[in-house]
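The values are calculated or read from the model by the stated rules, or taken from the named source; none is laboratory data. Keep in mind that this is a model prediction, so the values were computed, not measured. All Cβ positions, glycine included, derive from the backbone under ideal geometry; neighbour counts span all protein chains shown. Side chains are part of the model used for accessible areas, which takes the heavy atoms of the whole protein and leaves out ligands, DNA and RNA. Shrake-Rupley method; radii C 1.70, N 1.55, O 1.52, S 1.80 Å.
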Amino acid sequence: DTPEWWQIGIDVLPGHRSAGIGSKLVLLLKNEILRRGAIPIYGSSTSNLHSQRIAAACGFYPAWIEIVSIPKD
């Protein structure tokens, strides 16, 4: 996102989910980002609970929440 803040984003193919692949990838990326002197960030939709669990398991915690609303006609 910035030269100092690097966002982690992954997507595991449906047939391979719930096998620990996502957590392992996020942890590897987080550690590499830290090794390079940047700050890793992890964003997830509020409805994606599986993604939020992966983030928490890898040491991330909620720092802010973004809510978008669309006005009705």
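Numbers below:
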| read-out | value |
| --- | --- |
| Of all accessible heavy-atom area on the chain, the percent that carbon and sulfur account for (1.4 Å) | 58 |
| Given 16 as the ceiling on other Cβ atoms within 10 Å, longest exposed-site-free region of the chain for trypsin sites (Lys or Arg not before Pro) in DSSP loops | 37-71 |
| Residues whose placed amide H lies under 5 Å from that of I8, excluding near-sequence neighbours | I41, Y42, G43 |
| Net lengthening on full extension, Y61/A19 (0.36 nm per residue, minus Cα-Cα) | 12.9 nm |
| Accessible area in square angstrom per residue, the chain, 1.4 angstrom probe | 83 |
| Whole-number percent relative contact order across the range 12-73, with pairs defined as alpha carbons under 8 Å at least 6 apart | 31 |
| Largest-first ordering by accessible area, 1.4 Å probe, given options W5, W64 | W64, W5 |
| Unit charges on C-beta of K, R, D, E only; dipole of the chain, Debye | 320 |
